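The values are calculated or read from the model by the stated rules, or taken from the named source; none is laboratory data. Remember, it's a predicted structure, so these values are computed and weren't measured experimentally. Neighbour counts are summed over all protein chains in view; Cβ atoms, including those assigned to glycine, are modelled from backbone coordinates with ideal geometry.
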Ligand code: CA
């Protein structure tokens, strides 16, 4: 697992420097050269963290941040301000920035801020280098340690619930019928041989996982067919 980071910065040299430093640390990095492009990427690709310059041509960084929060993105945002401008900092934090850095800054300082933000947002799973971790917005599924988190909150699942989640989340969008899931789980533990059992487990899983179990965002019902994990 490596965290995905979006840099929104129009100055080529600055963007390239940050990108290179982050890639050296093993992060997956995307650069957007305008506010519009950055907002589009952040909305559709849901990066784990955003480094956002305030001074951008067209839509500025504040507007990007405002719109990002308006569509419900909870990704940590580190704002870059052009100078030691208190007003910029205050506006940025009010709009939901998680931290800010004033240009010019050292890459080492930037790196430690980013690591701290990732740890704050995702807990120690942020450091789970090499392990297989599935991320979907603030949901993290650590397949090796069999642990599940929403943001910092640990979610305790039964082995059966975890197996259902693992199968679904490993292939987002793939629809599993109840009998398919039952078959997959049979390899894992003895279950009542009734497809309705699956419904009960999925309903418990949703109660633990979803904000609103009646309108699930992760484990979706495909009417008349079965269940699928939401595509990113
Ligand atoms: Ca700029």
Would a scan of the stretch 66-81 turn up a residue that is within 15 Å of the ligand (Cβ to nearest atom) and more than 22 Å from residue 115 (Cβ to Cβ)?
-> no
For the stretch 1-116, which fully contained helices (runs of 4 or more DSSP H) count at least 1 residues that are closer than 30 Å to residue 132 by Cα?
-> 12-24, 35-45, 61-70
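Residue-wise test of (1) under 18 Å from residue 150 (Cα atoms); (2) at pLDDT 90 or above.
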{"position": "193", "(1), (2)": "no, no"}
{"position": "199", "(1), (2)": "no, yes"}
{"position": "202", "(1), (2)": "yes, yes"}
{"position": "217", "(1), (2)": "yes, yes"}
{"position": "225", "(1), (2)": "no, yes"}
{"position": "228", "(1), (2)": "no, yes"}
